[in-house]
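If you scroll down you'll find the structure; I have some questions about it.
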DNA sequence: CAACGTTTCCAAAACGTTTTGGAAACGTGT
DNA sequence: ACACGTTTCCAAAACGTTTTGGAAACGTTG
C-alpha cells in the first residue's frame, strides 16, 4: 500500500492541501513546513499517484503510437530505431509512450478513438501515412493533437515530418543511369502507402528525364519485407529479359532482392545493380554493402515528439511541416564503388 | 469536450449510478432503461474516461516494458518482433503497453519505481536480464507483478521465460566440430547479461566435450551490434592464426562478422564458418544464409504477457517458469549445406 | 486601538467513474 | 389490509490529487 498525501498529512499534522502545495514548492507554505513535509515524504517513500494526478489535471502526459503491423509478425529495424528516438525524447520531457499494435482495417479507427476520447493519450504520432488516411481525418475532426510521419494526398494542413521521396528516387535514377543502366525494375511497397507513391513517382520522373520509360510490367508490388523482396526479385530475375537494375522501395526488400540475385549466381554490383531506401544499419554491413537513401530516422522520431508536445502545450510547433532531403549513400551494390 | 456519464444521466433523466450500471449490463437495471441509456450513449459518442476508471478501480490496465537502450541509438530487429508479440497479446486482453527507453545506470531503478509506485502500470516485463539484476530485486521487494525474459544468477524464485543458451551453444559446438573445426573464436555479448554467460558456458562445454579448449584470447567481448561484430571479427581475422570458425552470441554480430570476412576476400562457409543466435528474419536471407539458433521471439513475448496478466489477476501462472530449447537451423554460413 | 497587509494554513470542491447500502414502487399471497 | 419479495432506481462515498476561496494569526501602520 503506497503512501499517499493523506498519510503525509497525518504524520505531519498538516492538511492535504498544505502537503500538496509544499511538495510543489508553492510559497504560501513556510520553509519549515516544506522541509518537514519533504522529509516525511522521503521517509514514506512517497510517489504521487499518477492516476489521480491525471484525472485531476485532465492530462495523461502520455503520447500514443500505434504500430501498423501487417500480419501477426512484425520485424522492422527501421521502427526500433524510430521508437528509440520517440521514446528518448518523450522521456526527456516527462511524457510516457503508449505503444499499441493494430493492423489497418475496420478496428483501427476504434483503437484511436478509444485512446483519444478515453483520455488515455494527450496526442498521437501517426506513422506510415496512407494516401487517404482516415486516421488523420478522424484526429483532425476530433481536434486531437497529432503529428504524422509522412504526408497524404489532398490538403496538407496538418503537422508532419517526411522525407522527399521524389527527390530521393530521382537521385537513384540519375546515379544508375550514369552508370549505364537502361532497363530498370522497381519493387514498390504497397501502393496505398503515401511514401510508396512518392518513391515510384520519383523514379519514374528520374528515368523519364533520361528518356527511359518505366513500364508497368517492370513494377512489382511487394510488402516491405525481406522475404517479399526475395520472392519478387526472383520472379524478375527469372524473366527472359532480366533488368540491369532493381530499385527497391525500402532496404529490407533490397536485401531480399540481393539474396535472390546471389542465389541465382549473379554478382550484385556487377551483373546487376540493386538499391534500397532508408539506410538501416544492416545496409552498411550487407555483402555487398547496399546503395541506398539515408534518412535520419532517430532524429525524425525526436523531432515529431518535439512538435507534438508543442501542440499539446497549445503552442504552434516551429517548424510545423518538415520535408527532409534524403542523402544518396553510394555503396557497392550498384556497381559504382 | 467528450461526453461523460453525467451527460447521459441528464439526457435520460436517470442517475449516474443507473447509467453506469446500465452500461455494464447489471441486472438491477430494467431492459428498457438499458436500451435507452445505450442509445443515448451511442448518440453522444460516449467513451468512458479511462483516467477516472483507473483511479476508481486502482488498476491501470497497463503493462510496462522498458527497453534497455545502450547509447542513444537502438536498432534491433529482435525487439521489434518481441514488441509485436507483447503488444498484440496485451491488446487482445484489453491491456495497454507502456514503453520506455532507459539505459542501465543510476536512473534506471527510479524509472521502474516511479511507474510502479505511481500506479502507472500494473506490472512489468523485464528484458535482457543481467547476472545481478537490481530491477528484479526491486520489483520483488516492492511485491510488484513482473515476469522476466531471461534468468539471473542466484535463486530463481520469479516467473520467467528463457531459452536454454547452454544447450543451444552445445548444439553449435557439436555441429561445427563434426564439420572438422578445431580452432574457434567467440564473439560474446556484454558479460553482465545473463544470456551471454549461458551462451559462453554452453560453447565452452560443447567444445570441451570434444577436448577442444576455448582460450581467453579467442573470446572477444562485443556489443550485440552488427558494427561491433564487424570490428571484432575483423581483429580476429587479421591475426596470424585465423580461427576456422567464429561463433557469435547473436545474429547481428554474426552478420557483421560475415561482412568482415567477406571484405577480406574470404568465402563464408568455405574459408571460415560463422554462426549466430536468435534467427532473426535477416538470417535466412543473408548471403550466405546464416546458421543460427532459432527462438520463437514473437511467441515468447505473447507467453510473457499471458503469465504477467495471470499474476496481475492474482492467479499463479501456469507454467511459471519456461525454458525453451533453441533449435539449430543449419544454413550455409557454417559450410554444411 | 483600529485598520490593514503578510504569512501560513486549510476545508471543500472538483476531476469521472464504480460501488455500497438502501429505498421506492409494485405485485402477490394471506 | 398487511407482510413480503422483486424490480428498479439512486444518493453518497470513495479513489488521490490539485485548486479555489477564504480564514486565522500576527505584525505594521495610522
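The values are calculated or read from the model by the stated rules, or taken from the named source; none is laboratory data. Because the structure is a prediction, the values reported are computed rather than measured. Note that we place each Cβ from the backbone using ideal geometry, even for glycine, and neighbour counts take in every protein chain shown.
For region B:26-56, which positions are near DNA strand D (Cβ under 8 Å from one of its atoms) and either under 20 Å from residue B:92 (Cβ atoms) or facing chain A (nearest Cβ under 8 Å) (or both)?
B:52, B:55 - these are the residues of region B:26-56 that are near DNA strand D (Cβ under 8 Å from one of its atoms) and either under 20 Å from residue B:92 (Cβ atoms) or facing chain A (nearest Cβ under 8 Å) (or both).
Do any residues in region B:7-24 that are away from chain A (no Cβ under 14 Å) and over 17 Å from residue B:45 (Cα atoms) have Cβ atoms under 7 Å from those of residues that are more than 7 Å from DNA strand D (Cβ to nearest atom) and assigned to a helix (DSSP H, G or I), where the two are at least six apart or on different chains, and which pairs are they?
B:14/B:37; B:15/B:9
Residue B:267 is checked against (1) away from chain A (no Cβ under 14 Å); (2) out of contact with any strand residue (DSSP E or B) (no Cβ under 7 Å at 6 or more places or on another chain); (3) surrounded by fewer than 20 Cβ atoms within 10 Å (Cβ to Cβ) and fails just one. What number does that condition carry?
Status for residue B:267: all satisfied but (1).
From A:293, A:236, A:328, A:304, which residue is over 22 Å from residue A:181 (Cα atoms), away from every other protein chain (no Cβ under 12 Å) and either in contact (Cβ under 8 Å) with a residue 12 or more places away in the chain or part of a helix (DSSP H, G or I) (or both)?
Working: A:293 fails: over 22 Å from residue A:181 (Cα atoms); A:236 fails: over 22 Å from residue A:181 (Cα atoms); A:328 fails: over 22 Å from residue A:181 (Cα atoms).
Result of the check over A:293, A:236, A:328, A:304: A:304.
Can you confirm whether region A:244-267 contains a residue that is on the phi < 0 side of the Ramachandran plot, under 21 Å from the mean Cα position of the chain (by Cα) and assigned to a strand (DSSP E or B)?
So far as region A:244-267 goes, yes, one or more of its residues are on the phi < 0 side of the Ramachandran plot, under 21 Å from the mean Cα position of the chain (by Cα) and assigned to a strand (DSSP E or B).
Can you pull out every residue in region A:270-287 that is more than 11 Å from chain B (Cβ to nearest Cβ) and free of Cβ contacts under 8 Å to residues at least 24 places away in the same chain?
Selection gives A:271 alone.
Across region B:6-21, which residue is nearest to DNA strand C (Cβ to nearest atom) among those that are part of a helix (DSSP H, G or I) and farther than 17 Å from residue B:52 by Cβ?
The residue in question is B:18.
Here are the criteria: (1) within 30 Å of residue A:140 (Cβ to Cβ); (2) within 16 Å of DNA strand C (Cβ to nearest atom). Tell me which single one residue A:82 does not satisfy.
Single failed check for residue A:82: (2).
Could you say whether any residue in region A:243-250 is within 14 Å of chain B (Cβ to nearest Cβ) and either surrounded by fewer than 24 Cβ atoms within 10 Å (Cβ to Cβ) or in contact with a strand residue (DSSP E or B) (Cβ under 7 Å, 6 or more places away or on another chain) (or both)?
Going through region A:243-250, the residues within 14 Å of chain B (Cβ to nearest Cβ) turn out to be A:248, A:250.
From what's left, either surrounded by fewer than 24 Cβ atoms within 10 Å (Cβ to Cβ) or in contact with a strand residue (DSSP E or B) (Cβ under 7 Å, 6 or more places away or on another chain) (or both): A:248, A:250.
Yes - at least one qualifying residue is present in region A:243-250.
Given the criterion surrounded by fewer than 22 Cβ atoms within 10 Å (Cβ to Cβ), in contact with a strand residue (DSSP E or B) (Cβ under 6 Å, 6 or more places away or on another chain), free of Cβ contacts under 8 Å to residues at least 40 places away in the same chain and not assigned by TED's automatic domain parsing to the domain that holds residue A:189, identify the matching residue among A:102, A:110, A:117.
Checking each option against the conditions leaves just A:102.
Of the numbered conditions (1) within 13 Å of another protein chain (Cβ to nearest Cβ); (2) assigned to a helix (DSSP H, G or I); (3) away from DNA strand C (no atom under 12 Å from the Cβ), residue A:3 satisfies every one except a single condition; which is it?
Here residue A:3 clears every test but (2).
Follow-up question, since we're still on this one. Does at least one position in region A:315-336 carry a residue that is surrounded by fewer than 24 Cβ atoms within 10 Å (Cβ to Cβ), touching a strand residue (DSSP E or B) at 6+ places or on another chain (Cβ under 6 Å) and at positive phi?
Yes: region A:315-336 contains one or more residues that are surrounded by fewer than 24 Cβ atoms within 10 Å (Cβ to Cβ), touching a strand residue (DSSP E or B) at 6+ places or on another chain (Cβ under 6 Å) and at positive phi.
If we keep just the residues of region B:307-325 that are under 17 Å from the mean Cα position of the chain (by Cα) and not in a strand (DSSP E or B), which is nearest to residue B:275 (Cα to Cα)?
Looking only at region B:307-325, we keep the residues that are under 17 Å from the mean Cα position of the chain (by Cα), and these are B:307-309, B:320-325.
Next, from what is left, pick out any that are not in a strand (DSSP E or B): B:307-309, B:320, B:325.
On the way: B:307: 32, B:308: 33, B:309: 36, B:320: 31, B:325: 17 Å.
Among residues in region B:307-325 that are under 17 Å from the mean Cα position of the chain (by Cα) and not in a strand (DSSP E or B), the one nearest to residue B:275 (Cα to Cα) is B:325.
Do we have residue A:50 as free of Cβ contacts under 8 Å to residues at least 40 places away in the same chain and within 16 Å of DNA strand C (Cβ to nearest atom) here?
So residue A:50 passes the test.
Exactly one of (1) assigned to a helix (DSSP H, G or I); (2) within 11 Å of another protein chain (Cβ to nearest Cβ); (3) farther than 30 Å from residue B:281 by Cα is unmet by residue B:80. Its number?
(3)
Taking the residues in region A:113-133 that are out of contact with any helix residue (DSSP H, G or I) (no Cβ under 6 Å at 6 or more places or on another chain) and outside any strand (DSSP E or B) as candidates, determine which candidate is nearest to the other protein chains (Cβ to nearest Cβ).
A:117
Failed condition for residue B:189, given (1) surrounded by fewer than 17 Cβ atoms within 10 Å (Cβ to Cβ); (2) out of contact with any strand residue (DSSP E or B) (no Cβ under 7 Å at 6 or more places or on another chain), with all others met?
So the condition that residue B:189 fails would be (1).
What number of residues within region A:58-77 satisfy the criterion of being modelled with pLDDT under 80 and at the interface with chain B (Cβ under 7 Å from one of its Cβ atoms)?
Going through region A:58-77, the residues modelled with pLDDT under 80 turn out to be A:69-77.
This time we only want the ones that are at the interface with chain B (Cβ under 7 Å from one of its Cβ atoms), so: A:69, A:72-77.
Qualifying residue count, region A:58-77: 7.
Give me the residue from region B:1-23 that is within 12 Å of DNA strand D (Cβ to nearest atom) and within 30 Å of residue B:115 (Cβ to Cβ) and, out of that set, surrounded by the most Cβ atoms within 10 Å (Cβ to Cβ).
Checked region B:1-23; the qualifying residue surrounded by the most Cβ atoms within 10 Å (Cβ to Cβ) is B:5.
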